[in-house]
Amino acid sequence: MYISAFPTFSFSKLIKRKKAQVFSDYFGYENTRFFYRGAYAIFYGVKALGLKPKDTVLVPAYHCGIEINAILKAGINVKFYDVTHELEVDIESIKSNIDEHTKAVFVIHYYGFPQEMVSLNKLCQTHGLKVIEDCAHGLFSFYKSKSLGAWGDISVFSFQKSLPTADGGAIVFNDRKEDCFITQKKPALLTTLRAYLLLYSEHIHMFKGFLFSVFNTLILKPSRFILKILKRGGSKVITANTNEFDAQYVSLGPSGITEKLIDSIDAHGIVVNRRRNYQHLLEGTKHIKNIKLLFNNLPVGVCPLFFPIRVNQRDLMQQYLSDHGIETFIFGKKLHNLLPKEQCPVAWAYSDELLCLPIHQDMNPGNIEYILKVLEDENCPLN
């Protein structure tokens, strides 16, 4: 059995059976801008907020790094605050880091679980600070009957973490209609096709494994070779690697395929499936030794992105699961080099220990049972 870390793409999803209008219903066009990546939305957002070079944004010590680089590339300084063992914002740490240069607080809703936004907003209002909500993990999650992304002055999203898309991000301005406008271009077609072929290969691997080697040999390998030649020649028919932050691509919008896909997404079905899979894993792992659960329950309104666990020898565990066809994800593996080693011990510990098991909407109860079986095996590094 093979289980991908993220939702997979199939070409049948391009055929609209029912227009769900996620773009227009979940996001308001008047106060939203869409981007190729969520990191570009962050870059755009801090500039649109009017932050200046000497200003500082308080950012969480536990992060993936690209969001920090986006702020720095915008010419704004960062200062780190602590998070708790439950990955909650440490309000006292934020208070102690506020000075005359502090203009905004950046908050991450880890794995779809909401931060306590009422207290945070109250603190920021007292000090005249803007709130930047990072909802890259929090698409379709709610807090106090209000969607994540509706609490900050601005909020940013990254679609490919939750949806079967190869690109796509957004920024929402909650306190005003955004009148700043940048001319957006579409990413290069070959780049988009390559990315979606890779996503489709994950679909084949997961659902039609017997065809995967054929698809890889006849389609993926030749396409990689062609793109490699084009890159060496400096061709403009491809977009350079955008997994790392590169300010020259800020003007890129989502691809046409992504726009078509998102407009027909069944948001309710995604939430139901993810919550079912999370709850199944939650019940199944309670008796497994040496697994420390990050979240011991699934609150109402949460659409979980992954099932995060704390394990010793995390990299060995990740390899073991991969050898059994279970792909996982690590958030925060490389914290930004501006974060001192002696600061924020929780962030450094989680950088070494946290491993995210998949629970995405393509998975069924049989997939969850297989994961539990592999975890319970006597050869598992946990045992």
## Note on the structure
Of the residues in the range 354-383 that are modelled with pLDDT of 95 or more and of a type in the set (Asp, Glu), the one that is nearest to ALA5 (Cα to Cα) is ASP362
### Query
Out of the range 63-78, which residues are under 20 Å from ILE98 (Cβ atoms) and either among the β-branched types (Val, Ile, Thr) or not assigned by TED's automatic domain parsing to the domain that holds ASN97 (or both)?
ILE68, ILE71, ILE76, VAL78
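One line per residue, one yes/no per condition, for (1) of a type in the set (Phe, Trp, Tyr); (2) outside the structural domain of GLY366 (by TED's automatic domain parsing); (3) under 17 Å from LYS161 (Cβ atoms); (4) touching a residue at least 40 places away in the same chain (Cβ under 8 Å):
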{"position": "LEU252", "(1), (2), (3), (4)": "no, yes, no, yes"}
{"position": "VAL271", "(1), (2), (3), (4)": "no, no, yes, yes"}
{"position": "TYR278", "(1), (2), (3), (4)": "yes, no, yes, yes"}
{"position": "LEU282", "(1), (2), (3), (4)": "no, no, no, no"}
{"position": "HIS287", "(1), (2), (3), (4)": "no, no, no, no"}
{"position": "PHE295", "(1), (2), (3), (4)": "yes, no, no, yes"}
{"position": "LEU298", "(1), (2), (3), (4)": "no, no, no, no"}
### Task
Kindly provide the set of residues from the range 244-275 that are surrounded by fewer than 19 Cβ atoms within 10 Å (Cβ to Cβ), small (Gly, Ala, Ser) and under 30 Å from LEU190 (Cβ atoms), ordered by number.
ALA247, SER251, GLY256, SER264
### Query
Which pairs have Cβ atoms under 6 Å, sit 6 or more apart or on different chains, and link a residue in the range 371-383 that is closer than 15 Å to SER322 by Cβ to one that is basic (Lys, Arg) and surrounded by fewer than 16 Cβ atoms within 10 Å (Cβ to Cβ)?
none
### Query
So which residues in the range 296-331 are touching a strand residue (DSSP E or B) at 6+ places or on another chain (Cβ under 7 Å) and in a loop (DSSP other than H, G, I, E, B)?
GLY301, PHE306, VAL311, GLY325, GLU327, THR328, ILE330, PHE331
### Selection within the range 330-369 - buried (at least 18 other Cβ atoms within 10 Å of the Cβ) and either more than 24 Å from the chain's Cα centre (by Cα) or aromatic (Phe, Trp, Tyr) (or both)
PHE331, TRP348, TYR350
### Task
Count, please, the residues in the range 14-53 that happen to be at pLDDT 75 or above, more than 21 Å from the chain's Cα centre (by Cα) and charged (D, E, K, R).
2
### Task
Name the single residue, out of those in the range 120-142 being over 24 Å from the mean Cα position of the chain (by Cα) and in a helix (DSSP H, G or I), that is surrounded by the most Cβ atoms within 10 Å (Cβ to Cβ).
CYS124
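Can you go through ASN337, ASN290, ASN312 and tell me which one is on the phi > 0 side of the Ramachandran plot and either of a type outside the set (Lys, Arg) or in contact with a helix residue (DSSP H, G or I) (Cβ under 7 Å, 6 or more places away or on another chain) (or both)?
Exactly one residue qualifies, and that residue is ASN290.
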### Task
Could you check, for the range 105-119, whether at least one of its residues is in a helix (DSSP H, G or I), surrounded by fewer than 18 Cβ atoms within 10 Å (Cβ to Cβ) and outside the structural domain of LEU339 (by TED's automatic domain parsing)?
yes
### Message
Just the residues that are in contact with a strand residue (DSSP E or B) (Cβ under 9 Å, 6 or more places away or on another chain) and in a loop (DSSP other than H, G, I, E, B), please, taken from the range 143-160.
### Response
LEU148, GLY149, ALA150, TRP151, GLY152, ASP153
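The values are calculated or read from the model by the stated rules, or taken from the named source; none is laboratory data. All values derive from a computational prediction rather than experimental measurement. Reconstructed Cβ throughout: ideal geometry from the backbone, glycine too, with neighbour counts over all protein chains shown.
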